[in-house]
Amino acid sequence: MSTCSNNAVVLLSGGLDSATALAMAIERGFNCYVLSFDYGQRSQTELAAAKSITAALDVKEHRVIRLNLEDFGGSALTDNNIDVPDHEEEGIPVTYVPARNTVFMSLALAWAEVLHAQHIFIGVNAVDYSGYPDCRAEYIAAFEHMANLATKTGVEGERLTIETPLIDLTKAQIIQEGTRLGVNYGLTVSCYQADDDGRACGVCDSCRLRAKGFEDAGVCDPTRYVVKES
């Protein structure tokens, strides 16, 4: 016998995309339980940003889970011996964290099952993004299928949906939607190597995509930079 609820688990990194996805979930009327991860990433300021974002929005609960993905390394975001590139790379970039979204969504799935939440929101995007394989629509569809086979709630009729409201939007469209919803992008941190004050480097792939998104959207960029490229 299924138990319906209006709960949703929302993954929030502290960046622009996930903040917009959270605002969209709130607009749709979900009770939002927000999940962030301290996974050993190079910049910790995004977690402070996540806390500021949830404080400014109507969420039910915000949890930060500690993971030790730096023990594995293999990414410029979790291994200080690998430099964050300041130019566009061919193929999958070194900022890709092995299996990160699978790990994150598996933990979100566990919380969703406890909450009887039938929706998990994740701000993945397959248009203006860095080429990560775990941001593609076919990956999301495969995870959703697995989730409904792997959980007690799934096999008992509480079908889970992985919500990806940004997946087909350009960065400019994401910013325009978030602006409509009143997202304070000044609170968000997207930079792969932001300093302790949350100031962005202005040269990493994430910074370049973010800056172009604000320019294309015709929206004033509130990002604070250590050095702003002209």
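When the range 1-132 is described by a simple charge dipole with +1 on each Lys and Arg Cβ and -1 on each Asp and Glu Cβ, the residue from P93, A48, S75 located farthest towards its positive end is A48. Helix 171-180 axis versus longest C-alpha principal axis of the chain: approximately 70°, rounded to the nearest ten. The lysine pair tally for the chain, using Cα distances under 30 Å and a gap of 8 or more places or different chains, is 9. Residues T151, T102, ordered by accessible area of protein heavy atoms at a 1.4 angstrom probe radius and largest first, appear as T102, T151.
Relative contact order of the range 160-230, taken over Cα pairs closer than 8 Å and 6 or more residues apart, is 35 percent.
With protein chains left intact and a 1.4 Å probe, residues in the range 33-73 average 50 Å² of accessible area per residue. Helix 45-56 and the long axis of the chain differ in direction by around 60°, with both axes built from C-alpha atoms. Kirkwood analysis of the Cα pair distances in the chain returns a hydrodynamic radius of 17.9 Å.
How much of the accessible area of the chain, in percent, comes from carbon and sulfur atoms when a 1.4 Å probe is used? Don't skip to the answer; put the middle values down first.
Numbers: 5410 of 10830 Å².
Looking at the chain in its full context, I get 50 percent from C and S.
Of the GluC sites (Glu not before Pro) in the range 117-192, the ones in a loop by DSSP (not H, G, I, E or B) with at most 15 other beta carbons within 10 Å are E156.
What separates the Cα centres of the range 23-59 and the range 82-102 is a distance of 23 Å.
Ranked by the mean number of other Cβ atoms within 10 Å of their residues, highest first, the peptides 184-191, 92-99 come out as 184-191, 92-99. Axis angle, to the nearest 10 degrees, between helix 205-217 and the longest C-alpha principal axis of the chain: 90 degrees. With kT/(6 pi eta Rh) evaluated at 10 °C and eta = 1.306 mPa s, and Rh the Kirkwood radius from Cα pairs, the range 1-68 diffuses with a coefficient of 128 µm²/s according to Stokes-Einstein.
The values are calculated or read from the model by the stated rules, or taken from the named source; none is laboratory data. Keep in mind it's a predicted model, so treat the numbers as computed, not measured. Here Cβ is always computed from backbone atoms with ideal geometry, including for glycine, and neighbour counts include all displayed protein chains. Please note that ligands, DNA and RNA were not included when accessible areas were found on the heavy atoms of the full protein model with its side chains. Shrake-Rupley method; radii C 1.70, N 1.55, O 1.52, S 1.80 Å.
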